[in-house]
Amino acid sequence: MRKKTITVISILSVTIIVFSTILSVFIIQPRYDFPLALTSVEPQDMGIKERIEDFKFFYNVIKENYPYLTLKQRTHGFNWLNLKEYFIDKIEQTDSNEEFLEVLSEAITALQNLHCAIIPYEFFEYYAQLYSEHNMGALLKFLQMNK
């Protein structure tokens, strides 16, 4: 009888753990979905050539500065750098800046890191102000340099 009770409690415990994990990962966990925000600052008539040029610049920034590429290759089984032609092909099919931003957003999502996103300009201004108020000079300088 005691063995049966321990078995039932063990099965019940495992079931509760699995259920709560599924609940927290798929239902409770907040989703970070930044809107694609085009502003009047953005060129309204970017052509394919400019979009590809911008993507190549973005790609090189990631290639030269993103520290987790080899980690992601080891843990997720693919090399993000190998997706370059895939994204260039998708960009060649875009007809608007919004579609281009969607492809860029997909490329960022492929990095598998919730800390990476295209953010609206208002967020940029907020972070610049926050960093200046908290004496984070290096980050503020970086933000101002890339404004």
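So if I check each of Lys90, Lys63, which one is in contact (Cβ under 8 Å) with a residue 12 or more places away in the chain, loosely packed, with under 15 Cβ neighbours inside 10 Å and assigned to a helix (DSSP H, G or I)? Lay out the reasoning, then the answer.
On the way: Lys90 fails: loosely packed, with under 15 Cβ neighbours inside 10 Å.
Selected residue: Lys63, the only one of Lys90, Lys63 that is in contact (Cβ under 8 Å) with a residue 12 or more places away in the chain, loosely packed, with under 15 Cβ neighbours inside 10 Å and assigned to a helix (DSSP H, G or I).
When every residue of the stretch 55-65 is checked against the conditions, none turns out to be more than 28 Å from Tyr127 (Cα to Cα), among the basic types (Lys, Arg) and at pLDDT 90 or above. Against the conditions (1) modelled with pLDDT of 85 or more; (2) in contact with a Phe, Trp or Tyr (Cβ under 7 Å, 6 or more places away or on another chain); (3) exposed (fewer than 12 other Cβ atoms within 10 Å of the Cβ), Lys49 satisfies every one except (2). For Glu133, the criteria (1) loosely packed, with under 12 Cβ neighbours inside 10 Å; (2) at pLDDT 80 or above; (3) more than 21 Å from Asp45 (Cα to Cα) hold in every case but one, which is (2).
Restricting the first member to the stretch 106-120 and to residues that are closer than 20 Å to Gly77 by Cα, and the second to residues that are part of a loop (DSSP other than H, G, I, E, B), the beta-carbon pairs closer than 6 Å and six or more apart or on different chains are Ile108/Cys116; Leu114/Tyr32.
The values are calculated or read from the model by the stated rules, or taken from the named source; none is laboratory data. These figures come from a predicted structure and were not determined experimentally. Every residue, glycine among them, receives a Cβ derived from its backbone with ideal geometry; neighbour counts consider all protein chains shown.
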